[in-house]
Amino acid sequence: MAGTLGTRLATRDELRFVGRAEELSLAGRLFEADPPASVLHVHGPGGIGKSTLLREIARRGEAAGWTPRAIDGRDLPPLADALETALADVGEMKRPLVLFDTYERFSAVDGYLRRGLLPSLPESAIVVIAGRKPPERAWFQDGWENLTLAIELSGLSDEEAFELLAGQGLSADAGARAIVEWAKGSPLALAVAADTAAAGSGGVRADEDPEMLRALIRRLADSEVAGANLAALGVASIARVTTPALLSAVLDEGEAADAYEWLRTRTFAEPLGEGVTVHDLVRKAVRAEIRQREPEREREVRRRIADHLHARATQGRLILSIELAHLVDDPVIRWGYSWEGSSAYRIDDLRPGDAEDLAARLGERDPVWWDSARPFVEGAPERVAVARDATDRLVGYMIAVTPRNTPAFAEDDPLLGPWLAHARTLSAAGNAVLWHDSIDLSGDPLPRVQAMLGMAGILRSGLANPRYAYLPVNPRLAGAVDFSAALGARHLGGLDAHVGGHLIECHLLDYGPGGLLGMQRDVVYRECGFPPPGERVADPIVAEQVREALRHLGVPHELARNDLAQGNTPEERAQSVRALIEQAADAAFGDTPNERLLHDVLMRGYLQPAPSHELAAEDLNLSRATYFRRLKAAAERVADHIAAGR
């Protein structure tokens, strides 16, 4: 075969293989004199690298003296006769290495393979089976448990991902970092994105490049996305968990029939909670394509999902706050409240040894802070939740109380004591969650642990639907400040506390009459461009008049035709409109840093204008793009405020 296209293909494939040291170590033991097993199951979602690993195992097996025979489920019908024909000469081999890829296509002959075909192979035979689903229980019964091993493939590490991209000619620049961040360890996503970037056809993210999007869907879902139930897949690409009730509530009449059963049987779907969830890359790719092709449909489906979840959550199912949080796009809000890290981390109770672990890690770094947390860890462990990673290592913790479940010693805590006293003055005094702290110890550059700890405080509060949250905000932590500002929390300066060398600000977040669940639904509504239920809708004609007035302040002849202006002369009309806008500017913005910045941008842009917008942006320490984005948002806020009041 020297000098053939086949050898070039095999050589390049081998050179580009990266990672999988642990899996290859296990597979290598199969080629020893006394192997631990004869059958190895490799399973994992589409795009995770099963086929690539099989080819590397085949190369190593051949080097060790075995003869590979590869069978792909896409090439053969799932019939016993077809398998027998494909493996007819394997029994004559001294050391056969049989590799089944895309095994989910062979599920109909799984029993025959165990009972009839595999037992007839030579004793030295090794069988490697790769599929999207874990092996059936029967592979670990009737003696097969003595011959069978199973491993689940996970994503590549960031280091391995960069190595894979380097093998395809991409250096570790900003573009490569963006690909690694988006691909989340999927070798297929990395390869497709690298090909797209090399071709120079667009961005490096699925939501930026239609060709990459379609390539991912083709290679991840194949023919499974064809058929009459694409509407169900669209819902599942937006919702975190899809249930029969959700499909019935969201899809138009007639679409939901049999849709759940179709979705449940896809190989890229797996059980989660009360329903099913779709493999992350399929979900991202499908949703991005829906947003490109049918943006109005995507927004309407997201709104309907939010309505369904909100209705169920307010019936005593606060746990569904996780599902509502999944619908929020704003990364600033997701920083402090989301369940995005649940594939890598989990929330747990304190265990024996955790206190010592925290004392060693936190106490060494910040002994004064540990002294403030210790009483809760040792005396009220039920008020503490910890985050653990896949290896069971503690990677974060949070302490949260309510006025009704707080331990007695918390009344003397320098941070929580004054906050509890303040909370008891509120009209819904018992319906508040107060955090003592929420600390991410993972070292993860993404805020996944932080977001899960934020949710843990709410879900463990015992409240049906919290109205208030007292947030301990370190003003030096940008994510915390932005999270508070995005939700409209108020900084209660009189309740700030110094713990050791740290200033901890008290930010009070009032979720509103609808509580946390109502706020979550309203955030989704606003992101989708719908007014939240019960909110007064601004008159679009009046709103446009205000926007026009802002653009032409100080130009009387333009304002003379504006119905908002009152007065006989153009100058009087201009003054009346200016006074109206100034009053609205004073009332339309809150007292958070983000709200004050919007107000300042409006003033420097329109009401007390700088010589130019560029100079206004410089005065406010904003980039030109950020300045104009904020100016538009501020003008829209004032216009809506005036229009809603007329």
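The values are calculated or read from the model by the stated rules, or taken from the named source; none is laboratory data. The model shown is predicted, which means the values in this text are computed figures rather than measured ones. Every residue, glycine as well, gets a Cβ built from its backbone with ideal geometry; the counts of neighbours run over all protein chains shown. Only protein heavy atoms, including side chains, enter the accessible area calculation; ligands, DNA and RNA are left aside. Shrake-Rupley method; radii C 1.70, N 1.55, O 1.52, S 1.80 Å.
Checked against (1) assigned to a helix (DSSP H, G or I); (2) more than 24 Å from Val542 (Cβ to Cβ); (3) modelled with pLDDT under 80, His641 passes all but condition (2).
Does Ala37 meet the test of being closer than 28 Å to Ala189 by Cα and either crowded, with 20+ Cβ neighbours inside 10 Å or touching a residue at least 12 places away in the same chain (Cβ under 8 Å) (or both)?
For Ala37, the condition - closer than 28 Å to Ala189 by Cα and either crowded, with 20+ Cβ neighbours inside 10 Å or touching a residue at least 12 places away in the same chain (Cβ under 8 Å) (or both) - is not met.
Among the residues of the stretch 589-614, those identified as part of a helix (DSSP H, G or I), touching an Asp or Glu at 6+ places or on another chain (Cβ under 8 Å) and touching a residue at least 40 places away in the same chain (Cβ under 8 Å) are Asn594, Leu607. Taking (1) crowded, with 18+ Cβ neighbours inside 10 Å; (2) at pLDDT below 90; (3) assigned to a helix (DSSP H, G or I) in turn, Ala579 satisfies each apart from (1).
Among the residues of the stretch 412-438, those that are without any contact (Cβ under 8 Å) to a residue 60 or more places away in the chain, surrounded by fewer than 17 Cβ atoms within 10 Å (Cβ to Cβ) and within 28 Å of Leu394 (Cβ to Cβ) comprise Asp412, Gly417. Within the stretch 601-638, restricting attention to residues that are of a type in the set (Val, Ile, Thr) and modelled with pLDDT of 80 or more, the residue that is surrounded by the most Cβ atoms within 10 Å (Cβ to Cβ) is Val638. Of all the listed residues (Ile541, Ile504), the sole one being among the aliphatic types (A, V, I, L, M) and surrounded by fewer than 17 Cβ atoms within 10 Å (Cβ to Cβ) is Ile541.
Across the stretch 74-103, the qualifying residues are those that are touching a Gly at 6+ places or on another chain (Cβ under 8 Å) and open to solvent by less than 40 Å² (accessible area, probe 1.4 Å), and the one among them that is nearest to Gly46 (Cα to Cα) is Thr102.
Suppose the filter is surrounded by fewer than 13 Cβ atoms within 10 Å (Cβ to Cβ), aliphatic (A, V, I, L, M) and either free of Cβ contacts under 8 Å to residues at least 60 places away in the same chain or touching a Ser or Thr at 6+ places or on another chain (Cβ under 6 Å) (or both); does Ala64 pass it? The answer is no for Ala64. In the stretch 274-294, is there at least one residue being under 24 Å from Ser342 (Cα atoms), open to solvent by 40 Å² or more (accessible area, probe 1.4 Å), in a loop (DSSP other than H, G, I, E, B) and modelled with pLDDT of 85 or more? Checked against the condition, which is being under 24 Å from Ser342 (Cα atoms), open to solvent by 40 Å² or more (accessible area, probe 1.4 Å), in a loop (DSSP other than H, G, I, E, B) and modelled with pLDDT of 85 or more, the stretch 274-294 yields at least one hit. Scanning the stretch 333-389 for residues that are open to solvent by less than 60 Å² (accessible area, probe 1.4 Å), within 20 Å of the chain's Cα centre (by Cα) and basic (Lys, Arg), we see that the one that is farthest from Leu471 (Cα to Cα) is Arg388.
Could you identify the single residue in Gly479, Gly493, Gly515 that is over 17 Å from Asn431 (Cα atoms) and either touching a residue at least 60 places away in the same chain (Cβ under 8 Å) or crowded, with 17+ Cβ neighbours inside 10 Å (or both)?
Gly479
For Leu309, the requirement of being more than 21 Å from Ile458 (Cβ to Cβ) and buried (at least 17 other Cβ atoms within 10 Å of the Cβ) is not met. Once the stretch 246-260 is narrowed to residues that are open to solvent by 70 Å² or more (accessible area, probe 1.4 Å) and modelled with pLDDT under 85, the residue that is farthest from Gly185 (Cα to Cα) is Glu253. Put simply, of Ala150, Ala161, Ala58 the only residue that is in contact with a Leu (Cβ under 8 Å, 6 or more places away or on another chain), among the small types (Gly, Ala, Ser), touching a residue at least 12 places away in the same chain (Cβ under 8 Å) and not in a helix (DSSP H, G or I) is Ala150.
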